[in-house]
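Below is one structure; the comments refer to it alone.
Just so you know, all these numbers are worked out from the coordinates, no wet-lab data involved. The model shown is predicted, which means the values in this text are computed figures rather than measured ones. Here the Cβ is made from the backbone with ideal geometry for all residues, glycine too, and neighbour counts use every protein chain on show.
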Amino acid sequence: GENVEQHPSTLSVQEGDSAVIKCTYSDSASNYFPWYKQELGKRPQLIIDIRSNVGEKKDQRIAVTLNKTAKHFSLHITETQPEDSAVYFCAASLSGGSYIPTFGRGTSLIVHP
Amino acid sequence: NAGVTQTPKFQVLKTGQSMTLQCAQDMNHEYMSWYRQDPGMGLRLIHYSVGAGITDQGEVPNGYNVSRSTTEDFPLRLLSAAPSQTSVYFCASSYSTGGGKNEQFFGPGTRLTVL
């Protein structure tokens with residue numbers, strides 16, 4: 001089955017800095033890579049996703065990049081703000097609702113004011 | 001729409017007790033799943049369902065049962081609770097889209113402690 005590795009487990013930055021979280025996956029058939037944000041005591045929520053036919057996707061201050069050959073993908077947050085503090089999960093799956101994603105272990109991002 | 005709902009929010013059990021965690025969704029989603037979240041372990045899949053009457057095991061199914069008699073409901077049963085089942089449990093639902101999106105919609109979670 002799919003195996004997703006996520007690094008780092010904890011990331012501490014100053015407000016305004018950039019943050020990068022990296023993930024690798026094992027199954028070359030995976031073609032859908034979502035990122036979820038979980039604020040303290042809340043449920044995970046999708047913040048951005050990318051499919052394997054796209055190398056990069058941006059949404060305001062967040063972007064995801066995908067290197068299908070190397071089987072790794074990354075989340076980039078620019079101009080970090082205290083409200084970006086949360087746990088971020090990457091995941092990999094086949095596209096389509098019947099395919100349940102495999103999640104990484106999560107990265108706790110702390111943004112210091 | 002209420003989205004995905006879970007009850008109870010908190011539960012304390014004694015070792016050996018059984019209970020059912022409830023999950024319901026009102027979005028007419030075909031697919032539902034149960035995860036457990038433990039510190040440093042991410043979200044691990046327990047069981048999932050691709051439609052009413054169809055369920056399958058995930059990564060950590062031992063000690064849990066599920067059934068899916070309706071599209072809306074997907075209860076998770078703990079047969080004989082053990083301290084190792086202390087965790088936060090999330091139910092999620094998803095649906096097929098023509099664009100290949102596979103977004104998981106999570107419930108608010110149930111925090112379970114087994115003494």
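What list do you get for B:H29, A:H72 if you sort them by fewest beta carbons within 10 Å? Write out the running numbers ahead of the final one.
Working: B:H29 19, A:H72 16.
Taking fewest neighbouring Cβ atoms as first place, the list is A:H72, B:H29.
Residue separation of B:N65 and B:F10 scaled by 0.36 nm, minus their Cα-Cα distance, works out to 17.8 nm of gained length. Distance between the pseudo-spin-label points of A:H72 and B:S84 (7 Å out from Cα toward the beta carbon): 3.3 nm. Per-residue Karplus couplings for the range A:30-44, computed as 6.51 cos²θ - 1.76 cosθ + 1.60 with θ equal to phi - 60°, are listed in order as 4, 9, 9, 10, x, 10, 10, 10, 10, 6, 4, x, 10, 8, x Hz, Gly and Pro entered as x.
This model, with +1 at the C-beta of Lys and Arg and -1 at the C-beta of Asp and Glu, gives the range B:40-115 a dipole about its Cα centre of some 140 debye. Residue by residue, the range B:35-42 carries 3J(HN,Hα) couplings of 10, 10, 10, 10, x, x, 10, x Hz when phi is fed to the Karplus relation 6.51 cos²θ - 1.76 cosθ + 1.60 (θ = phi - 60°); x denotes Gly or Pro.
Shown for A:S95, B:S33: other C-beta atoms within 10 Å of each C-beta, ranked fewest to most, produce the order A:S95, B:S33. Which trypsin sites (Lys or Arg not before Pro) in the range A:51-84 pass both tests, a DSSP loop state and at most 14 other beta-carbon atoms within 10 Å? Hits after loop and neighbour filter: A:R61.
Given the pairs A:K22/B:K9; A:K42/A:K68; A:K22/A:K42; A:K37/B:K9, which are separated by over 29 angstrom at their Cα positions?
Beyond 29 Å between Cα atoms: A:K22/B:K9; A:K42/A:K68.
As a rough footprinting exposure proxy, the listed residues A:I110, A:I62, A:I100 were ranked by other beta carbons within 10 Å of their own, and the order from fewest upward is A:I110, A:I62, A:I100.
The Cα center of the range A:38-113 and the Cα center of the range B:43-114 differ in position by 22 Å.
Considering every residue in B:35-42, what mean count of other chain Cβ atoms within 10 Å of its Cβ is obtained? Each step should come with its number before you reach the end.
Values: counts 3, 0, 7, 1, 3, 4, 3, 11.
Counting other chains' Cβ atoms within 10 Å and averaging over B:35-42 gives 4.
Residues whose amide H lies under 5 Å from that of A:S12, counting only those 5 or more places away or on a different chain, are A:I110; hydrogens are built 1.01 Å from N in the peptide plane. Computed from phi, the 3J(HN,Hα) profile of the range A:11-25 under the Karplus parametrisation 6.51, -1.76, 1.60 (θ = phi - 60°) reads 9, 10, 9, 8, 3, x, 6, 9, 10, 10, 10, 10, 9, 10, 10 Hz, with x in place of Gly and Pro.
Of the residues B:G42, B:S84, B:G58, the one whose Cα sits farthest toward the positive end of the charge dipole of the range B:1-96, with +1 on the Cβ of Lys and Arg and -1 on the Cβ of Asp and Glu, is B:S84.
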